[in-house]
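Input: a single structure, listed below in structure tokens.
The values are calculated or read from the model by the stated rules, or taken from the named source; none is laboratory data. Bear in mind the structure is a predicted one, so any value in this text is a computation, not a measurement. FYI the Cβ positions are ideal-geometry reconstructions off the backbone, even for glycines, and counts take in every protein chain you see.
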Amino acid sequence: MKRRMIAILLALVMLFGLVACGNNGTTNNGGTTNNSGEGGDTTEPEGETFRIGTYLQLTGSNSVAGNSGKQGIELAVKQINEQGGFNGATVVVENFDTQGSTEEAVKVVQKMLSGDNYDAIIGSVNSNEVSACIGYINEAKVYNFGLGTSATWMEDDSMIYTFRASCNNNRIAPLDVDLIKELGYDSVAIMNGTDDTGASTADAFEAACEEKGVTVTTRQQCDSEDTDFTGQISQIISSDPDCVFMSLIGTTFGPFVKQLRNSGYKGMIGCKECFSAEYQNVAGGSPNTDYIFYVYPYVAYTDINDCEIPNMKAFLEAYQAEYGELPAHESAYRGYDTMMAMWEASKIAGANDDESLREATHQVVCEGLGGTMDFTDGSREAYSDFYSFVLVGGKDILVEDWLADGGYEEYLATTGRDR
């Protein structure tokens, strides 16, 4: 087991700052789930192991996304171990609960680092938590991936041990504006969260609108804990936009869409990410969720039969067999892709130490659930190619197919709108 010297300050923080909040529980894939930040009680497999610690929101307001990411990771680990693990080492995952708190995420990560038990770290689907933690992880020179989609925490080129196998929303934002123009729209209202991902994505989207000649009629904001959007919706509707663009966090997507539709708005709604099953359920499903469009590498499948992509379909079948349901949130895809990218790096490196894995990751080109993951451009990012979708009747349809099949004309007829 490798050992690292971590600053005395971190040890003191752990000694006085970490408070237990729950009991350990065993996962069905040989990892542990920990709600307190304390070490888990797993029984180590015989022989060499590769230990991964995760920090995820497993309880609290964004726990659906956190648990979906956890299950995607654990499913990949099960499959990897069945095929020999990381260069013969059995992969063991221990999950820590951040409770949706940036402060708790930092405590958890510092605990992992001071204990020096982890060969790699994965976290979080909340970019605020990733931003707060990766400085400590890189200082310790530990190989790590983040699951959040904000651009900000990947902008620091000194964080050389940090990678991402999900998408960078700032790469997508200009494509969202291109899609708006493709639909023939000249104006858009923006609704964004004040969290890192929501705000930074909205900034990039607004800048792209200015560059590409799309008028922003109003930009409204909300906190991640807000539940009433009456004021913002009133401003949006009174500004009379051609469409609305949402750059929100998971817990606010569904309520905002439901309230926007209930207010009488029937137009098209853009989303910074795919509109996951969780969001659809909270929003009330079709017709509330009809005509939501997005650019993204993933689709939020609610029926395996809708999937025609072989590797994605195989993942969905395995996920359903393992957990008895399809992913409620696309964070499951992010977690699975992250593990597969790490596994590919281990095969290229032929070794499991941090430096070898870090260097090898820059050579990784492999098929992910959202297309080709290619880390060779030096950005430490996996995805650069994306697809445009529109959600109709609970099904995600490629925009080009939807337009070609008369979908836009049907939208106008169904909603009674003229745009």
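Candidates in region 132-148 are the residues that are within 12 Å of the chain's Cα centre (by Cα) and either hydroxyl-bearing (Ser, Thr, Tyr) or not in a loop (DSSP other than H, G, I, E, B) (or both); of these, the one that is surrounded by the fewest Cβ atoms within 10 Å (Cβ to Cβ) is Phe145. The strands (runs of 3 or more DSSP E) found entirely in region 254-372 that carry 2 or more residues being without any contact (Cβ under 8 Å) to a residue 60 or more places away in the chain, surrounded by fewer than 19 Cβ atoms within 10 Å (Cβ to Cβ) and assigned by TED's automatic domain parsing to the domain that holds Asp119 are 365-368.
Among the residues of region 373-388, those identified as in a strand (DSSP E or B) and either at positive phi or of a type outside the set (Asp, Glu) (or both) are Met373, Tyr387, Ser388.
The residues in region 215-235 that are under 20 Å from Ala65 (Cβ atoms) and polar (S, T, N, Q) can be counted, and the count is 2.
For region 213-236, the set of residues classified as part of a helix (DSSP H, G or I), of a type outside the set (Ser, Thr, Tyr) and surrounded by fewer than 18 Cβ atoms within 10 Å (Cβ to Cβ) consists of Gly231, Gln235, listed by residue number. Yes or no: Thr90 in contact (Cβ under 8 Å) with a residue 24 or more places away in the chain, hydroxyl-bearing (Ser, Thr, Tyr) and farther than 26 Å from Ser61 by Cα? In short, yes.
State whether one or more residues within region 19-34 are at pLDDT 95 or above and among the polar types (S, T, N, Q).
no
Looking across region 144-203, just one residue is basic (Lys, Arg), under 30 Å from Gly267 (Cα atoms) and in contact (Cβ under 8 Å) with a residue 60 or more places away in the chain, and that is Arg171. Condition check for Gly123 on (1) touching a strand residue (DSSP E or B) at 6+ places or on another chain (Cβ under 6 Å); (2) surrounded by fewer than 24 Cβ atoms within 10 Å (Cβ to Cβ); (3) modelled with pLDDT under 95: one failure, at (2).
Results for (1) in a loop (DSSP other than H, G, I, E, B); (2) more than 30 Å from Tyr291 (Cβ to Cβ); (3) at pLDDT 95 or above; (4) outside the structural domain of Tyr333 (by TED's automatic domain parsing), shown as yes or no for each residue.
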position: Glu94; (1), (2), (3), (4): no, yes, yes, no
position: Glu104; (1), (2), (3), (4): no, yes, yes, no
position: Val109; (1), (2), (3), (4): no, yes, yes, no
position: Val130; (1), (2), (3), (4): no, yes, yes, no
position: Ser150; (1), (2), (3), (4): yes, no, no, no
position: Met159; (1), (2), (3), (4): yes, yes, yes, no
position: Asp178; (1), (2), (3), (4): no, no, yes, yes
position: Lys181; (1), (2), (3), (4): no, no, yes, yes
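May I ask you to list the residues in region 237-253 that are in a helix (DSSP H, G or I) and within 25 Å of Thr149 (Cβ to Cβ)?
Step one: filter region 237-253 for residues in a helix (DSSP H, G or I), giving 237-238, 250-253.
Listed by number, the residues that qualify are Gly250, Thr251, Thr252, Phe253.
Residue check: Leu75 meets all listed conditions (1) within 22 Å of the chain's Cα centre (by Cα); (2) in contact (Cβ under 8 Å) with a residue 40 or more places away in the chain; (3) crowded, with 24+ Cβ neighbours inside 10 Å but one, namely (3).
Does Met191 satisfy being in the same structural domain as Thr54 (by TED's automatic domain parsing), at pLDDT 95 or above and not in a helix (DSSP H, G or I)? Judged against the criteria, Met191 is not a match. The requirement of being more than 18 Å from the chain's Cα centre (by Cα), in contact (Cβ under 8 Å) with a residue 60 or more places away in the chain and not assigned by TED's automatic domain parsing to the domain that holds Val64 is not satisfied by Ile233. Tallying residues that are over 21 Å from Ser166 (Cα atoms), out of contact with any helix residue (DSSP H, G or I) (no Cβ under 8 Å at 6 or more places or on another chain) and outside any strand (DSSP E or B) within region 61-92 yields 6.
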